[in-house]
1. What do you reckon, is Glu36 acidic (Asp, Glu), under 22 Å from Val132 (Cβ atoms) and surrounded by 12 or more Cβ atoms within 10 Å (Cβ to Cβ)?
2. Exactly one of (1) within 30 Å of Phe44 (Cα to Cα); (2) surrounded by 13 or more Cβ atoms within 10 Å (Cβ to Cβ); (3) at pLDDT below 95 is unmet by Gln76. Its number?
3. Please specify each residue of the stretch 100-134 satisfying the condition of being in a loop (DSSP other than H, G, I, E, B) and within 20 Å of the chain's Cα centre (by Cα).
4. Return only the number of the condition from (1) modelled with pLDDT of 85 or more; (2) not assigned by TED's automatic domain parsing to the domain that holds Gly96 that Cys10 does not satisfy.
5. With at pLDDT 95 or above, surrounded by 15 or more Cβ atoms within 10 Å (Cβ to Cβ) and touching a strand residue (DSSP E or B) at 6+ places or on another chain (Cβ under 7 Å) as the only criterion, which of Ile98, Ile91 stands out?
6. Could you tell me whether the stretch 29-49 includes any residue that is at pLDDT below 90 and in contact with a strand residue (DSSP E or B) (Cβ under 9 Å, 6 or more places away or on another chain)?
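The values are calculated or read from the model by the stated rules, or taken from the named source; none is laboratory data. Model, not experiment: these values are computed from the prediction. Don't worry about glycine lacking a Cβ; one is built from the backbone with ideal geometry, like all the others, and counts go over all protein chains shown.
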Amino acid sequence: MRGTLLVACCALLTACASPVPVAIRDPVQPSIQLGEVQQTPEVFIGRSARWGGRILKVNNGANKTRVIVLASQLGQDGRPSEGSPSTGRFIAEFQGFIDPTLYPAKRLLTVAGPIIAVEPHAIGDYSYPYPVVAALTAYLWPVPDPVVISYPYGHGWWGPGFDPFGGPWCCGPRWYPTGFGYGIW
């Protein structure tokens, strides 16, 4: 009996394991804001940060890859909030080559690692200070499966809630023209 209980507990714990790395899941304490680093970079160089957002661009160099990210607030699990406004931009620096097709634009990315620099780069005519994080840990968030909601009986070619003549099928005879029979098609 004890053996069965032990196996069941192990199976349950294994099933609950998250694929998100601990450094991404657990927030860095104290939390470092992107704007603070841009204003006083000398205070934050070398300190650990956990930032995330939408990938804008991937630049491959000879020995490293730089991913430019449009930052946003992170949720409890480290996932960037899709509905929140941007908090700025930063560069995630990876050692070696990263294929840009694996990190496409608009995907969500969270990185954790030390802040190594703040570099000015042009956005149009504006010189923008980009904090650079050495991405020791990174997690590319999976694209969620689309949710399809449809009427339980189907709706054919005309769309949900409307009949082929443009009227709603849900509201009774007052929605239909005089003399028009309604019912099951």
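1. Here the answer is yes, as Glu36 does meet what is asked.
2. Gln76 satisfies all of (1) within 30 Å of Phe44 (Cα to Cα); (2) surrounded by 13 or more Cβ atoms within 10 Å (Cβ to Cβ); (3) at pLDDT below 95 except (2).
3. Narrowing the stretch 100-134 to residues in a loop (DSSP other than H, G, I, E, B): 100-107, 124-125.
Within the stretch 100-134, Pro100, Thr101, Leu102, Tyr103, Pro104, Ala105, Lys106, Arg107 meet the criteria.
4. Just one mismatch for Cys10, condition (1).
5. Working: Ile98 fails: at pLDDT 95 or above.
Of Ile98, Ile91, the one residue that is at pLDDT 95 or above, surrounded by 15 or more Cβ atoms within 10 Å (Cβ to Cβ) and touching a strand residue (DSSP E or B) at 6+ places or on another chain (Cβ under 7 Å) is Ile91.
6. To start, the set of residues in the stretch 29-49 that are at pLDDT below 90 comprises 29-31.
Filter once more, keeping what is in contact with a strand residue (DSSP E or B) (Cβ under 9 Å, 6 or more places away or on another chain): 31.
The answer is yes; a qualifying residue exists.
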